[in-house]
Amino acid sequence: MSAMPSAADRDRVGDWIRLVEARYPRRDAQPWDAPGLQVGDPEDRVHRVLVCLDVTATTLAEATDRDADLVLAHHPLLFRPLGRLTTETAPGRLALAAARAGIAIHAAHTNLDAGTPGTTDPIVDALGLDPDALAPLERVSAAGKHKLVTFVPAEDTERVLGALSEAGAGVIGAYDHCGFRVRGTGSFRPSPEANPHLGDVGAINEVTEDRLEVELAPRDLERAVAALWQAHPYEEVAYDVYPLEVPDSASGKGLGRVGELPEPRPLRWVADRVAGHVPAPHLRVAGDLDQPVQRIAALGGSGDGLIGAALAAEADCYITGDLRHHPTLDARTQGLALIDAGHGAVEGAALPRVAAALAADARTVGLDAEILTSAAAHEPWAEYRPAAPEPPASEDPR
Ligand SMILES: [Zn+2]
């Protein structure tokens with residue numbers, strides 16, 4: 001849609017994905033998350049980039065109006081694998097519309113939460129918490145990852161590991177192609193119906209095999225198993241998948257932040273600061289407005305699931321969005337004050353600084369596309385103030 005070829009004609013979608021993922025590596029995403037390129041071709045050209053919270057009809061129209069050919073969204077448009085790409089579902093409709101308009105979509109979600117600038121920054125800034133003295137509320141963790149174990153004739157191990165790695169398995173921190181193998185003896189007896197790669201039908205055969213193990217995120221399991229069947233020489237492939245419970249990665253990164261105010265302040269002061277910095281349509285506060293708070297836990301976005309982490313961090317006050325009734329009540333009984341500042345309001349307030357950081361990164365590596373922040377509303381909610389109360393219904397004169 002650009003009128004004249006310009007220096008920006010050099011940029012490709014793939015260049016921008018590498019730029020975003022250099023600052024916000026996919027390995028920092030939660031195992032259930034779906035970050036990365038969701039719609040588009042890495043070879044397509046990029047002239048203008050739109051940073052937004054959600055891919056909606058509004059933000060896609062904005063991308064079209066502002067001539068953006070790449071949308072960098074925080075929330076993934078496509079979360080679960082689609083069986084078909086049609087207009088029957090909302091994500092399908094939007095993905096099709098983007099593809100037809102020549103707009104690529106990339107998502108950086110929990111990997112962005114864990115990074116700098118991250119989605120909790122607006123709260124950190126509102127309260128003036130010392131950025132150097134912050135800890136993550138919940139560390140990036142391998143819990144929720146899987147281990148895939150398979151048994152491969154020794155001469156094929158390298159090829160199978162390569163195929164699994166191509167499918168996204170075998171990534172640990174900043175390392176890929178991570179696998180472990182130990183040699184042993186596999187045995188099997190092919191039935192007359194079998195068509196064995198090696199060994200004799202009807203006889204018990206023994207073969208030197210490697211037990212090969214790789215780690216992977218659940219999102220990559222289906223792809224990795226398909227790659228395993230493709231690369232493995234056997235007619236029947238033996239493999240196991242184990243859930244992992246490995247607590248922390250060494251990166252020190254994670255979701256949310258915990259920090260301390262220089263001195264205790266009343267909860268009212270904290271609420272006022274948050275309200276002054278985050279354009280939330282409303283702020284909900286659970287707690288005694290005069291109770292002193294000093295240790296703060298915060299998470300931009302949806303923090304209901306990390307109330308336990310805020311309690312474990314011995315926070316006096318937890319600031320987040322999407323807080324539900326019962327978890328909030330339970331937390332109150334344990335003395336935790338809570339502020340719901342709005343999921344979209346806090347994360348939306350983080351977008352301009354994310355865009356500015358990416359623009360600076362782009363200049364450093366010589367990418368030319370212009371980067372814009374969406375002007376769309378980030379909160380679906382609006383505060384409702386009732387009009388003047390209805391007069392009471394008149395009494396029936398009888
Ligand atoms: Zn969010």
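Of everything in the range 10-43, what is under 13 Å from the mean Cα position of the chain (by Cα) and at positive phi? Give them in sequence order. Answer for the range 10-43, where residues must be under 13 Å from the mean Cα position of the chain (by Cα) and at positive phi: just Gly36. Screening the range 117-144 for residues that are part of a loop (DSSP other than H, G, I, E, B) and among the hydrophobic types (A, V, I, L, M, F, W, C) and picking the one that is nearest to the ligand (Cβ to nearest atom) gives Val140.
Are any of the residues in the range 352-366 in a helix (DSSP H, G or I), away from the ligand (no atom under 16 Å from the Cβ) and among the charged types (D, E, K, R)? Scanning the range 352-366, I find at least one residue that is in a helix (DSSP H, G or I), away from the ligand (no atom under 16 Å from the Cβ) and among the charged types (D, E, K, R), so the answer is yes. If the condition is being farther than 18 Å from Gly118 by Cα and away from the ligand (no atom under 14 Å from the Cβ), then the range 296-309 contributes Ile307, Gly308, Ala309.
Figure legend. Inter-residue proximity from the range 90-119: first residues closer than 17 Å to Ala217 by Cβ and touching a residue at least 60 places away in the same chain (Cβ under 8 Å), second residues away from the ligand (no atom under 16 Å from the Cβ) and of a type in the set (A, V, I, L, M), beta-carbon distance below 8 Å, spacing 6+ or different chains. Indicated pairs: Ala108/Val20; Ala114/Val140. Among the conditions (1) more than 16 Å from the ligand (Cβ to nearest atom); (2) surrounded by fewer than 16 Cβ atoms within 10 Å (Cβ to Cβ); (3) under 19 Å from Ala135 (Cβ atoms), the only one that Ala313 does not satisfy is (2). Name the single residue that is farthest from the ligand (Cβ to nearest atom) among those in the range 326-339 being in contact (Cβ under 8 Å) with a residue 24 or more places away in the chain and surrounded by fewer than 23 Cβ atoms within 10 Å (Cβ to Cβ). If we take residues in the range 326-339 being in contact (Cβ under 8 Å) with a residue 24 or more places away in the chain and surrounded by fewer than 23 Cβ atoms within 10 Å (Cβ to Cβ), then Arg332 is farthest from the ligand (Cβ to nearest atom). Of the residues in the range 318-325, at least one is within 16 Å of the ligand (Cβ to nearest atom) and either over 20 Å from Ala271 (Cα atoms) or loosely packed, with under 13 Cβ neighbours inside 10 Å (or both).
Scanning the range 164-190 for residues that are under 25 Å from Glu235 (Cα atoms) and acidic (Asp, Glu) yields a total of 1.
The residue list Ala163, Ala154 contains one member that is in contact with an Asp or Glu (Cβ under 6 Å, 6 or more places away or on another chain) and outside the structural domain of Ala29 (by TED's automatic domain parsing), which is Ala154. Looking at this structure, is Leu221 under 30 Å from Gly308 (Cβ atoms), part of a helix (DSSP H, G or I) and out of contact with any Gly (no Cβ under 8 Å at 6 or more places or on another chain)? Answer is yes for this residue.
Of all residues in the range 145-179, those that are small (Gly, Ala, Ser), touching a Leu at 6+ places or on another chain (Cβ under 9 Å) and either part of a helix (DSSP H, G or I) or within 30 Å of Ala271 (Cα to Cα) (or both) total 1.
When every residue of the range 276-295 is checked against the conditions, none turns out to be modelled with pLDDT of 95 or more, within 16 Å of the ligand (Cβ to nearest atom) and in the same structural domain as Gly128 (by TED's automatic domain parsing).
The values are calculated or read from the model by the stated rules, or taken from the named source; none is laboratory data. No experiment lies behind these values; they were computed from the predicted model shown. Note that each Cβ is placed from the backbone with ideal geometry, even for glycine, and that neighbours are counted across all protein chains shown.
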